[in-house]
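The values are calculated or read from the model by the stated rules, or taken from the named source; none is laboratory data. Just so we're clear, the structure is a prediction, and the values are computed from it rather than from any experiment. Note: accessible area is taken over every heavy atom of the protein model, side chains too, but ligands, DNA and RNA are not part of it. Shrake-Rupley method; radii C 1.70, N 1.55, O 1.52, S 1.80 Å.
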Amino acid sequence: MTPAPAQRPGTPGPAEPPGPTAPGNRPRCAGPPGGPHARRDRQRGVTAVEFAGWLPILLIVAFAGIQLGVAGFAVQQAGSAARAAARVASQEEVGHRWAEAGRAATSDWLSVSLSMGEACGDVATVTASVEVPSVMPFLPSPGTARRTVTMPCD
């Protein structure tokens, strides 16, 4: 009997008889049917589909956050307009220019309306209303921000 020749490292050994090593008598190292890249080909595009499914939800959350910020800004602007208008209305010399002062205290892109509640008996009361603009054009305005300020007269 002759001894088996020595094998080089990294070369496959002598063929082994097929055995029950894996389902269908395939060796464990064999990939899924259809070649080693078949699974990757079946998974191609899955991430894009998942992203497309989450995108509307992410956009709604983002727009809701932006809308909340715009609403907070409108409330702040209503307070500034009412404070400026009441401060001017409480002064005898320029009391007739209260509406002009209130409008000047707000951003130009906001719609503000001012009303005088009480004119300088003891106090001047001014209410400012700012319509909160909608971030999404297909939705109506979410409401109006209203602030009232009372200042003592000079």
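For the reader, a short list of remarks on this structure follows.
- Solvent-accessible area per residue in the range 41-154 equals 64 Å², computed with a 1.4 angstrom probe and all protein chains kept.
- Atom-type composition of the exposed protein surface of the range 49-154 places 62 percent of the accessible area on carbon and sulfur (1.4 angstrom probe).
- For Ser111, the residues whose modelled amide H falls within less than 5 Å of its own, excluding neighbours fewer than 5 places apart on the same chain, are Glu131.
- Counting only the Cα atoms, the range 79-154 fills a convex hull of 68 Å³ per residue.
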